[in-house]
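See structure below.
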Amino acid sequence: MGKIIVIGSSNTDLITRVERFPQAGETVEGKHFMLAMGGKGANQALAAHKLGGKVKFITSMGDDLNGENALKYYQKEGLDVKSSLIIKGTPSGTATILVDDNGENCIVITPGANNGLSPEYVTERKEEIRSASLLLLQMEVPYESVIESCRIASEANTNIMLNVAPARSLAQEVIRFVDILVVNETEAEIVSGEKVIEVGEQAVVDKLLALGAKSVVLTLGSRGCIMKSESEHYAIPAFKVKPVDSTGAGDTFCGALAVGLNKGWGWKDALVFASAASAICVTRMGAQPSIPTEKEVEFFLKKYQSTSNSIH
Ligand code: RIB
């Protein structure tokens with residue numbers, strides 16, 4: 001099995017559980033506070049690592065306490081972060097997260113050192129990117145660095161999986177690099193320029209394929225996901241679970257999907273594995289504390305398959 005390289009953000013998440021989100025100018029009382037490691041890059045890297053992938057994570061942190069704690073935590077988890085950048089005198093990334101009683105969240109990120117993960121630094125890591133079999137990217141580091149990572153990977157035929165989160169528009173030159181484009185509805189609309197409500201989900205996916213992505217996975221939350229490429233097309237329903245906190249569920253999905261595809265599994269198996277991993281994540285608080293292990297996902301799938309036949 002080849003290596004998965006994840007290039008992306010690392011944050012410290014400050015998570016408060018609230019009954020409902022406050023309005024502008026309003027103060028509400030939180031029910032519970034939790035500090036945990038997060039960041040879309042780090043969440044996806046840790047998910048891929050815990051779910052059985054051989055992972056290298058390249059991120060950027062400040063030389064502050066949050067950065068130190070994050071590094072120690074990743075080292076303890078056995079995640080390879082040796083090629084990460086430490087920027088002196090810059091705060092590490094943080095995310096302030098509110099989670100309401102429905103398990104929905106509101107997130108404000110302050111990128112700090114994540115913005116220092118420059119294209120020049122990516123170029124310095126060229127050989128590591130070239131030697132990986134899959135590159136996994138998100139949009140919480142500079143766009144130019146995402147483009148540079150794609151350029152290097154595509155020259156070396158390293159598979160590129162891009163999760164366009166947080167949502168932003170992409171140049172067609174960038175979409176053409178992408179082997180696996182993973183988007184939720186909002187992200188799909190921004191990248192495609194089409195509205196789901198006007199043209200439907202399938203047409204939005206078709207537009208993303210027409211723009212040059214080789215395959216597209218559209219995640220639909222509790223409704224599951226759709227995958228389409230030139231030769232394959234799947235609609236996978238979501239596992240029914242009681243939601244506690246959806247933070248990190250999309251990241252867990254991406255990390256798990258990367259592992260399945262990188263192991264050479266077929267699309268259907270990889271998508272079911274990813275759906276199961278993200279379903280477990282939704283039942284727990286926080287992003288990284290909620291990421292299941294490979295064994296937990298296997299157990300979940302066995303238990304689910306013995307009690308239900310709703311996956312076709
Ligand atoms: O996707 C969830 C993540 O978004 C959180 O961990 C937070 O850090 C933000 O990056």
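Below are the figures for this structure:
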item	result
Matching entry among Ala270, Ala235, Ala276, Ala258 (being within 30 Å of Glu194 (Cα to Cα), free of Cβ contacts under 8 Å to residues at least 40 places away in the same chain, of a type outside the set (Phe, Trp, Tyr) and touching a strand residue (DSSP E or B) at 6+ places or on another chain (Cβ under 8 Å))	Ala235
Unique residue being out of contact with any Cys (no Cβ under 9 Å at 6 or more places or on another chain), in contact (Cβ under 8 Å) with a residue 40 or more places away in the chain, open to solvent by less than 20 Å² (accessible area, probe 1.4 Å) and within 25 Å of Asp245 (Cβ to Cβ) when the list is Val183, Val141	Val141
Filtered residues of segment 154-166 (kept if open to solvent by less than 40 Å² (accessible area, probe 1.4 Å) and either in contact with a helix residue (DSSP H, G or I) (Cβ under 6 Å, 6 or more places away or on another chain) or within 16 Å of the ligand (Cβ to nearest atom) (or both))	Ala156, Ile160, Met161, Leu162, Asn163, Val164, Ala165
First in segment 201-219 and crowded, with 23+ Cβ neighbours inside 10 Å, second anywhere and of a type in the set (S, T, N, Q), Cβ under 7 Å, 6 or more apart	Val204/Ser192; Leu208/Ser192; Thr219/Asn184
Residue in segment 33-51 that is touching a Lys or Arg at 6+ places or on another chain (Cβ under 6 Å), away from the ligand (no atom under 13 Å from the Cβ) and either charged (D, E, K, R) or at pLDDT 95 or above (or both) present	no
Residue ID - surrounded by the fewest Cβ atoms within 10 Å (Cβ to Cβ), chosen from residues in segment 2-54 that are over 17 Å from Met139 (Cβ atoms) and of a type in the set (Ser, Thr, Tyr)	Thr27
In segment 220-246, the residues that are open to solvent by 10 Å² or more (accessible area, probe 1.4 Å), on the phi < 0 side of the Ramachandran plot and under 16 Å from the mean Cα position of the chain (by Cα)	Leu220, Ser246
Among the residues listed as Val146, Val122, Val174, the single one being of a type in the set (Val, Ile, Thr), more than 14 Å from the ligand (Cβ to nearest atom), open to solvent by less than 70 Å² (accessible area, probe 1.4 Å) and touching a strand residue (DSSP E or B) at 6+ places or on another chain (Cβ under 6 Å)	Val146
Selection status of Asn102, at pLDDT 95 or above and out of contact with any strand residue (DSSP E or B) (no Cβ under 6 Å at 6 or more places or on another chain)	no
Options Ile109, Ile97, Ile87; residue that is within 16 Å of the ligand (Cβ to nearest atom) and surrounded by fewer than 23 Cβ atoms within 10 Å (Cβ to Cβ)	Ile109
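The values are calculated or read from the model by the stated rules, or taken from the named source; none is laboratory data. Note that the coordinates shown come from a computational prediction; the quantities given were computed from them, not determined experimentally. Note that each Cβ is placed from the backbone with ideal geometry, even for glycine, and that neighbours are counted across all protein chains shown. Heavy atoms of the whole protein, side chains included, go into the accessibility calculation; ligands, DNA and RNA do not. Shrake-Rupley method; radii C 1.70, N 1.55, O 1.52, S 1.80 Å.
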